[in-house]
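Heads up: the structure comes next, in structure tokens.
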């Protein structure tokens, strides 16, 4: 065999191996979401911390603006250091886009991302463009560099934000707004029919974990939690071991819930009171709230040692003192209501 032919074969084989390696990139088997930092899931993405500052979104007629609550204090300021800025155009570090039906804040590791039609990485007085997304029909889930979004009402697309490539597409999935997350290479989601389903990203296999009445699912400390809505007024909080599938009812009459450290904080239904208990449902303690108020959504910001609670007012939340077990009603945290 001549040297030219041999070198040609070697060149061909090298080229083939490079091609095959490129084809293997972004395969579902390479999607791994086992990092422990991603296992703490806030059910709603209105308030997100990067470990130093807390960020929230404020939609207005001119577009959505990111506001920042610094570590020491309850005041919200636009995430922009230009005192003359009107925060109404793309050059502003706080302005993230026009009014959209589907947008949210996500934390991944120590980074905060805004997901709208444009995706930005959010830092103090800074935003960095990451990618764009088309119109969506359901909630987005981020596990950087991947994002899952509903390209159609019944189709989930997994996209690599770094390569801008669609990695995988799953059909016949109708998402719901309360209970979608990734854990150990699987997408967990609640359907519009309130079924709770696990989708294996590698094999495409689907497992129905709860056939009826599931909502507000999340994962914390290697355990999965969700509210099971009964035919009466009782909403039971279920804890499930994702490895064995074993389930246990740990609380009744749960409206919203969230966890921090060894504690669970939840609002009750239908009374809408506020409670704290241990993760197994024991040692329940009622947290006093002002008469006439009804406790709603709860956000945990463990790095800032803050817990935020709302009382049916989208623009106002209150901080919970975890040591005293009381709400600071004298110092509300208020989102501005922008005009124009």
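Just so you know, all these numbers are worked out from the coordinates, no wet-lab data involved. Being a predicted model, the structure only gives us computed values, none of them experimental. Note that we place each Cβ from the backbone using ideal geometry, even for glycine, and neighbour counts take in every protein chain shown.
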Exercise for the section: Describe numerically, in nm with one decimal, the distance between label points set 7 Å from Cα along Cα→Cβ at residue 88 and at residue 321. Expected result: 4.1
Practice task
Using Cα pairs closer than 8 Å and at least 6 residues apart in sequence, work out the relative contact order for segment 292-335, in percent.
Solution key: 27
Exercise for the section: Take every Cα pair under 8 Å in segment 201-247 that's 6+ residues apart, average their separations, divide by the length, and report that relative contact order as a whole percent. Expected result: 26
Practice task
Subtracting the Cα-Cα distance from 0.36 nm times the residue separation, let me have the gained length for residue 62 to residue 248 in nm, one decimal.
Solution key: 62.2 nm
Practice task
Using 0.36 nm per residue of separation minus the Cα-Cα distance, give me the extension gain between residue 241 and residue 278 in nm, one decimal.
Solution key: 11.6 nm
Exercise for the section: Show me 155-162, 317-324 ranked by packing, highest mean number of other Cβ atoms within 10 Å first. Expected result: 155-162, 317-324
Practice task
Starting from the Cα of residue 261, step 7 Å toward the Cβ, then list every residue of segment 218-239 with an amide N under 12 Å from that point.
Solution key: none
Practice task
Enter the Cα centre distance for the pair segment 135-150 and segment 234-260, rounded to the nearest angstrom.
Solution key: 25
Handout entry: Spacing of the two label points (7 Å from each Cα toward its C-beta) at residue 290 and residue 81, in nm
Key = 3.6
Completion exercise
Note: probe point = Cα of residue 192 + 7 Å toward Cβ; backbone nitrogen < 11 Å; residues of segment 138-176 passing the test are 138, 153-155, 173-176
Problem - Hypothetical label at residue 70: residues of segment 124-142 whose amide nitrogen lies under 13 Å (7 Å Cα-Cβ projection) - result: 124-125
Problem - Label point distance in nm, residue 305-residue 207, each placed 7 Å from Cα along Cα→Cβ - result: 3.9
Practice task
Please work out the ratio of the alpha-carbon Rg of segment 193-295 to 2.2 N^0.38 Å and round it to two decimals.
Solution key: 1.15
Practice task
Give the Cα extents of segment 253-340 along the principal axes, in whole Å, largest first.
Solution key: 49, 31, 20
